[in-house]
Amino acid sequence: MRKWLMSLIALASLAIGVLISSPAVHAATPNYTITTDTTFPPFEFQTDKGDYRGIDMDMLKEISKRENFTYKLKPMSFNAGVQAVQAGQVDGIVAGMSITDERKKMFDFGTPYYKSGIVMATTDKSKIKGLSDLKGKTVAAKTGSAGADYAREISKKYGFKITYFNDSNTMYNDVAIGNTVAAFEDQPVMAYAIKQGTKLKIVTDPAKGNWYGFGVKKGANTELLKKFNTGYAAIVKDGTYDKIVNRYLGKGSYNYKKNAADKVEKQTTIWSLFNENKSALFTGLVKTLELTLVGIVLAGIWGILLGILGVMPSKFARGLSTTIIYIFRGLPMLVLAFFIYIGIPNLTGQKIPAFTAGVITLILNEGAYIGAFVSGGFKSVDSGQLEAARSLGLPYGKAMRKVVMPQGIRLMIPSFINQFIITLKDTSILSAIGIIELTQTGTLIIARNLQGFRVWLMIAALYLIVITLLTWLSNWVEKRIK
Amino acid sequence: MTAIIEAHDVHKSFGKNEVLKGLNLAVNEGEVVVMIGPSGSGKSTFLRSLNKLEEINSGQIIIDGHNISEPKINIDKVREKVGMVFQHFNLFPHLTVMENMVLAPVQLGKMTKSEAIDKAKILLKRVGLLEKADVKPDTLSGGQKQRVAIARALAMNPEIMLFDEPTSALDPEMVGDVLDVMKELAKEGMTMIVVTHEMGFAKQVADRVVFFADGHIKEEGKPVEIFENPQDERTREFLNKVLNA
């Protein structure tokens, strides 16, 4: 017994000793937080065991070993990662990130480590053979990627439109089901995806050769950058780097080239930022309002229908209403949007334009909420009202239409106004299926200029202004009706 | 005299609770029947089953020759002839007094809008509320609301009027006005069935008083017989309570 106690005390003091001495350990081997894209094979991807592998990941591991530092990996979407570095939430980003002049204003990049280029990929059966076939078509690109920049640059010349996606898988799927005719993607990424079974083919030669780099926030983390560069030089020298690339792409074609000198960062104020992006923001706002108005009107009609169904004498009608409301109130709106935009076309082969898919999502989701409060509103009208109307000889339908419903609708007006505002805010979720409304406009602007704080501040202010105006309008309407 | 309302062996249960245990009643044209009895005795339920606001479980109810217990009956047609006045008035709060009056006659094609308005004006004048034609019901007092409700029921030119405790929700000083309107109606020869606790009204206006207890009609007769010389023990007990309260 005593022996057991002794060993317990020994163990405890050992644990305390480790705890006390651990800051010293940290000082000796610095620990960094590094972000990467959640899925950007062959540079980073999650294995089925849950750990991250790929060229970036293997390279980072090798460099950290040689330079004697530890790191905590925080995978997130590329956009979020870029913003997390700028916000100082993470120390560095390694995410197959192209070194562009614009990014150099906000980042310090390490030695460029991989040269990539933009290729265009289509489905096997596509009639699109090159850029000149794109006139009048819509292509897909990943938000904030070099591929998107390239597509935007040449879109006027070849007369095509661009839909933006937040991750590669969604983008490939969109092309595969025919919503968009082609995707613009980095060559190694596309090659790897096709090797892994994505049913697309590359139809152009790599364009706009660009270098990938390891990035830290401008002026910060110089020590980490130095360690990366030294470590990188070492693994290039002894051939480890080539081995890593070969592991994922089958052949090593590495040629090092120095970057052009950094340009001086342009000074911007929030007002000049607003002026620069005025037309984009306005277009986004108009799209948001369009979605909201079309959405709320149609969802209102659908919801009132569901509500009426919910108070019908027929048990079947009531059950149907309850079931529909249960399903569509239970589904997260994002899941519903993806299901309609990607899921259904996958099954039927019939593509649905993003705006239509967005409106259908709003109808089903907001309509379910409206249906619930509409039938609730009708039910909350005193039962004596229906009895009085029926006792005068009015048939059920007329009694409902002339007596119960007008009173119920009066009770529902505050809920309708509330739902209107919720719908306006919910349209931001539809940015995920590539509708360029206000939120997506913000994402796109940030992906180019990386001014996260200022741009989101502008977007938030715009939403608040519109919602304030809507609330005033609704209150005015409410007073008029009363 | 022919019976305009006939009820034969009427049974009605709410779940396991049987509230009407085989009632029989016949009411003649122009007769004023007042139903009294303790609360829960079934008088309101019986009244409501006379225009099918309550479905009875068995038995027959025949209104002006129409057997409304039959499932196929067009109850709306029968209800046009049977006006009903509720304890809580049940005026339509989103409509003005005039709109309340003309809704049913116009919607059911009984009258054109201008005919209905003319008729409504006459009725409102009769209940002393013509100047309230264009206000919403929530600006009226309880007594005024109930008088409008009576006028609204009369706008359909009913042959029978059912009153379900029409003065129970009123302040005492309002009761008189409403009862006056009902007395006048009785004088004009309207067939009326009235559930009430106003014993004075029963004594003065009723052709017949019906005493309800425990889902049965225990006793019925002329007001003098019931009030002066009740035969049933339960009737005596009840009258003792309400008259000496």
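Some points to look at:
- Verdict on A:Ala447 being surrounded by 16 or more Cβ atoms within 10 Å (Cβ to Cβ), in contact with a Leu (Cβ under 8 Å, 6 or more places away or on another chain) and at pLDDT below 85: no
- Scanning the stretch B:7-64 for residues that are surrounded by fewer than 23 Cβ atoms within 10 Å (Cβ to Cβ), in a loop (DSSP other than H, G, I, E, B) and within 14 Å of another protein chain (Cβ to nearest Cβ) returns B:Lys52, B:Leu53, B:Glu54, B:Glu55, B:Asp64.
- Of the listed requirements (1) modelled with pLDDT of 95 or more; (2) assigned to a helix (DSSP H, G or I); (3) within 14 Å of chain A (Cβ to nearest Cβ), B:Met98 misses just one: (3).
- One residue alone among A:Lys135, A:Lys161 is farther than 26 Å from A:Met76 by Cβ, surrounded by fewer than 21 Cβ atoms within 10 Å (Cβ to Cβ), charged (D, E, K, R) and within 26 Å of the chain's Cα centre (by Cα), and that residue is A:Lys161.
- The set of residues in the stretch B:203-222 being free of Cβ contacts under 8 Å to residues at least 40 places away in the same chain and assigned to a helix (DSSP H, G or I) consists of B:Lys203, B:Gln204.
- Test: A:Val216 is among the aliphatic types (A, V, I, L, M), in a strand (DSSP E or B) and surrounded by 20 or more Cβ atoms within 10 Å (Cβ to Cβ): yes
- Scan of the stretch A:345-401 for residues that are among the basic types (Lys, Arg), more than 14 Å from chain B (Cβ to nearest Cβ) and either in contact with a His (Cβ under 9 Å, 6 or more places away or on another chain) or under 30 Å from B:Ala149 (Cα atoms) (or both), ordered by number: A:Lys379
- Taken together, the residues in the stretch B:67-84 that are crowded, with 16+ Cβ neighbours inside 10 Å and more than 9 Å from chain A (Cβ to nearest Cβ) amount to 2.
- You will find that of B:Gly176, B:Gly128, the residue that is under 17 Å from B:Leu91 (Cβ atoms) and either among the hydroxyl-bearing types (Ser, Thr, Tyr) or at pLDDT below 95 (or both) is B:Gly128 and no other.
- Test: residue in the stretch B:169-178 that is hydrophobic (A, V, I, L, M, F, W, C) and within 16 Å of B:Gly83 (Cβ to Cβ): yes
- Enumerated helices (runs of 4 or more DSSP H) restricted to the stretch A:306-400, each holding at least 1 residues that are closer than 30 Å to B:Met161 by Cα and assigned by TED's automatic domain parsing to the domain that holds A:Phe416: A:354-379, A:383-391, A:396-399
- Considering the stretch B:120-173, and only residues there that are within 14 Å of chain A (Cβ to nearest Cβ) and of a type in the set (D, E, K, R), the residue that is nearest to B:Gly200 (Cα to Cα) turns out to be B:Glu165.
The values are calculated or read from the model by the stated rules, or taken from the named source; none is laboratory data. None of these values were measured; they are calculated from a predicted model. Here the Cβ is made from the backbone with ideal geometry for all residues, glycine too, and neighbour counts use every protein chain on show.
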